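See below for the structure under consideration.
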Amino acid sequence: MSRPLTFVAAAALSLVVSAGAAFAQDFRALARQDLQRSHDELAANHPAPAVQGAASQGFRAWLDSGLQESLGLSTRVNSAHSHAYLMRYYAGGFRDSNIQVSPTFDNMGPYFGTSWPGFTTGWRGGRYIVTYVKPGTRSAPRVGDVVTSCNVIPIEEFARAKLDRWEGNLDTEAGRVTSAPYLFWNRNNPFTAGVPSQCSFQSGRGRPRDIQIRPIPVVAGDLEAAYRATVYMPPATPLAVETVNGRPWLHVHSFADSAGWPAFNAAVEAQAATLRGPAGFVLDLRAASGSGENSSTARGYGMANRIWTPEFTVSRQPAAGDITYRATQGNRDWYAAALGRMEADPQFVQDAMPVIEQTREVVAAFDAAIAAGRPTFALAGRAAVPDTGAPNPVQGPVIVLVDAGCSGGCLDTLDLLSKLPNVRIAGSTTATDTIFVEPTVLRLPSNYSDLSYGHKAWTSRPRANNQPYAPAQGLTYTGNPVDETAVRAWVGTLFQ
């Protein structure tokens, strides 16, 4: 689904908080204040309370209970870092990737840790497996060993306490994959255990053996090397076109505006004839996340149209159906402010008058619903377009390579690509998203965090709520996801 208003919702909200500025702050009070504000904003304006069905049940169950649980933990907040963890925990409890509380300062990134045992684990085939051991680490398990328990706690229970909601959503395959390296790291989270003291590991079919875990200091580059040896990370140039095994290989590892789309789109157009040839091509969407001022969905659809042509894709784009809005003054004011910014931008007026007209209709519908006392209203989205009979310009097979990092606009792009002939989705299971889409972004009172949530419900979305894309049998990659040589060799077999 195209989300043309996203650029307004994601208006710049940058604030860098230095260590000096954070000094002497009462972070417990700030956390309680931000938690309450997040709760109140979601209760007042999120569409889930006004939408029936399973998609809203998790929201309803967690909104109040999660607030009380998080407020109870706030006594342990003593820094901006712990504040960020607690806010992430509350947001993560909704099991909605479109509800996020993000720090407005540098939160030390995915490779941060204060200590570790010299080895790291990954999520492979439903188990936590040792994926990396730093050379020279003593008394360490071996790469390939399966973790069965830690601190005499079954590993599933231990992982839930250590990682779930804090580092990822362990109810999803993608959340398991991206958070698994942190199982043995001390990430300076005061709410969970650091490096465990003893764990059991199983080699092959042998009996599990206990190993005493000894934390070691982090040397620069250690944790990045361990994470990159476990989870696929995109290259420095996220958009590129190269030839692999005689076929075009399109790299699309980001949907951010800053990824370099003009040059990439030009390269796609220059190679359109080759992409449409009988040999086929690979579209690599691993780790394809990110957003920008313009709709990330439009980025993916624009790429597809350059390859398949708009005449061919238009009848295969998912119909939007009805979009449900919660008729609150807060949501109405968001759209009115967005409309004002659009109308004040001469370039936008010139380039996107249909979006302005659509937004005017939405504001008018809000006014009518609020005046009538209706809690919700629905507007028809893009209708299905009949097949135009345009021929498929792509002659060969297409492999779309995905993994746990494919999220947001990547999923919307797959909604289209999965309906095109001769396209097969391969790799591993993607991330998920809910039917509550298009973000409102709100600065929280502390200035240390931004709350983001989807403010309308795509109740008729063909892809179910929180449903990922999972490759079919024979198209699932079970090897090492960071061994690029092996990945490319495996993809080559799919064309035979």
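So, residue 382, is that one basic (Lys, Arg), surrounded by 13 or more Cβ atoms within 10 Å (Cβ to Cβ) and free of Cβ contacts under 8 Å to residues at least 60 places away in the same chain or not? Working first, answer last.
Values: basic (Lys, Arg): yes; surrounded by 13 or more Cβ atoms within 10 Å (Cβ to Cβ): yes; free of Cβ contacts under 8 Å to residues at least 60 places away in the same chain: no.
Answer is no for this residue.
Going by the structure shown, is residue 458 aromatic (Phe, Trp, Tyr) and open to solvent by 20 Å² or more (accessible area, probe 1.4 Å)? Break it down stepwise before answering.
On the way: aromatic (Phe, Trp, Tyr): yes; open to solvent by 20 Å² or more (accessible area, probe 1.4 Å): no.
When the stated conditions are applied, residue 458 does not pass them.
Any chance segment 388-403 includes a residue that's more than 30 Å from residue 278 (Cβ to Cβ) and touching a residue at least 24 places away in the same chain (Cβ under 8 Å)?
Just the residues of segment 388-403 that are more than 30 Å from residue 278 (Cβ to Cβ), to begin with: none.
No - not one qualifying residue is present in segment 388-403.
Does residue 131 satisfy the condition of being part of a strand (DSSP E or B), touching a Gly at 6+ places or on another chain (Cβ under 8 Å) and of a type outside the set (Lys, Arg)? Step through it out loud before you land on a result.
Values: part of a strand (DSSP E or B): yes; touching a Gly at 6+ places or on another chain (Cβ under 8 Å): yes; of a type outside the set (Lys, Arg): yes.
So residue 131 fits the description; yes.
Within segment 387-402, can one find any residue that is of a type outside the set (Asp, Glu), farther than 17 Å from residue 305 by Cα, surrounded by 13 or more Cβ atoms within 10 Å (Cβ to Cβ) and in contact with a Pro (Cβ under 8 Å, 6 or more places away or on another chain)?
For segment 387-402, residues of a type outside the set (Asp, Glu), farther than 17 Å from residue 305 by Cα, surrounded by 13 or more Cβ atoms within 10 Å (Cβ to Cβ) and in contact with a Pro (Cβ under 8 Å, 6 or more places away or on another chain): present.
With (1) modelled with pLDDT of 95 or more; (2) within 30 Å of the chain's Cα centre (by Cα); (3) not in a strand (DSSP E or B); (4) not hydrophobic (A, V, I, L, M, F, W, C) as the list, and residue 194 as the residue in question, which single condition is left unmet?
(1)
Collect the residues in segment 405-433 that are under 15 Å from residue 290 (Cβ atoms) and either assigned to a loop (DSSP other than H, G, I, E, B) or open to solvent by 30 Å² or more (accessible area, probe 1.4 Å) (or both), keeping them in residue-number order. Steps first, please.
Taking segment 405-433 first, the residues under 15 Å from residue 290 (Cβ atoms) are 405-413, 430-431, 433.
Scanning segment 405-433 gives 405, 406, 407, 408, 430, 431, 433.
Which number in (1) open to solvent by 20 Å² or more (accessible area, probe 1.4 Å); (2) part of a loop (DSSP other than H, G, I, E, B); (3) in contact with a Gly (Cβ under 9 Å, 6 or more places away or on another chain) marks the one condition that residue 107 misses?
The failed condition is (3).
Mind listing just one residue for me: the one in segment 23-49 that is hydrophobic (A, V, I, L, M, F, W, C) and surrounded by fewer than 16 Cβ atoms within 10 Å (Cβ to Cβ) and, of those, modelled with the lowest pLDDT?
23
Answer with yes or no whether residue 242 is touching a residue at least 12 places away in the same chain (Cβ under 8 Å), farther than 22 Å from residue 415 by Cα, charged (D, E, K, R) and touching a Phe, Trp or Tyr at 6+ places or on another chain (Cβ under 7 Å). Please lay out each step first, then the result.
On the way: touching a residue at least 12 places away in the same chain (Cβ under 8 Å): no; farther than 22 Å from residue 415 by Cα: yes; charged (D, E, K, R): yes; touching a Phe, Trp or Tyr at 6+ places or on another chain (Cβ under 7 Å): yes.
For residue 242, the condition - touching a residue at least 12 places away in the same chain (Cβ under 8 Å), farther than 22 Å from residue 415 by Cα, charged (D, E, K, R) and touching a Phe, Trp or Tyr at 6+ places or on another chain (Cβ under 7 Å) - is not met.
Which of the residues that make up segment 58-98 are open to solvent by less than 10 Å² (accessible area, probe 1.4 Å), of a type in the set (A, V, I, L, M) and touching a residue at least 40 places away in the same chain (Cβ under 8 Å)?
Correct list: 77, 84, 86, 87, 91.
Taking segment 109-124 only, how many residues are more than 16 Å from residue 162 (Cβ to Cβ) and at pLDDT 95 or above?
Result for segment 109-124: 3.
Is it the case that some residue within segment 320-333 is in contact with a strand residue (DSSP E or B) (Cβ under 7 Å, 6 or more places away or on another chain), open to solvent by 20 Å² or more (accessible area, probe 1.4 Å) and closer than 30 Å to residue 488 by Cα?
Scanning segment 320-333, I find no residue that is in contact with a strand residue (DSSP E or B) (Cβ under 7 Å, 6 or more places away or on another chain), open to solvent by 20 Å² or more (accessible area, probe 1.4 Å) and closer than 30 Å to residue 488 by Cα, so the answer is no.
Within segment 176-187, which residues are assigned to a helix (DSSP H, G or I) and open to solvent by less than 10 Å² (accessible area, probe 1.4 Å)?
The first filter runs over segment 176-187 and keeps only residues assigned to a helix (DSSP H, G or I), leaving 176-184.
Passing the criteria: 179, 180, 181, 183, 184.
In contact (Cβ under 8 Å) with a residue 40 or more places away in the chain and open to solvent by 80 Å² or more (accessible area, probe 1.4 Å) - does that describe any residue in segment 339-357? Steps first, answer last, please.
Of all residues in segment 339-357, those in contact (Cβ under 8 Å) with a residue 40 or more places away in the chain come to 341-342, 352, 355.
Next, only the ones that are open to solvent by 80 Å² or more (accessible area, probe 1.4 Å) stay: 341.
Yes: segment 339-357 contains one or more residues that are in contact (Cβ under 8 Å) with a residue 40 or more places away in the chain and open to solvent by 80 Å² or more (accessible area, probe 1.4 Å).
Take residue 190 and tell me if it is farther than 16 Å from residue 214 by Cα, free of Cβ contacts under 8 Å to residues at least 40 places away in the same chain and open to solvent by 30 Å² or more (accessible area, probe 1.4 Å).
Here the answer is no, as residue 190 does not meet what is asked.
With segment 217-302 as the region, which helices (runs of 4 or more DSSP H) entirely inside it contain at least 3 residues that are open to solvent by less than 30 Å² (accessible area, probe 1.4 Å) and either out of contact with any Lys or Arg (no Cβ under 6 Å at 6 or more places or on another chain) or among the hydrophobic types (A, V, I, L, M, F, W, C) (or both)?
Numbers: elements: 222-228, 261-270, 272-275.
So the answer is 222-228, 261-270.
The values are calculated or read from the model by the stated rules, or taken from the named source; none is laboratory data. Note that the structure is predicted; figures quoted are calculated from it, not measured. Every residue, glycine as well, gets a Cβ built from its backbone with ideal geometry; the counts of neighbours run over all protein chains shown. We work out accessible area using only protein heavy atoms, side chains counted, and drop any ligands, DNA or RNA first. Shrake-Rupley method; radii C 1.70, N 1.55, O 1.52, S 1.80 Å.
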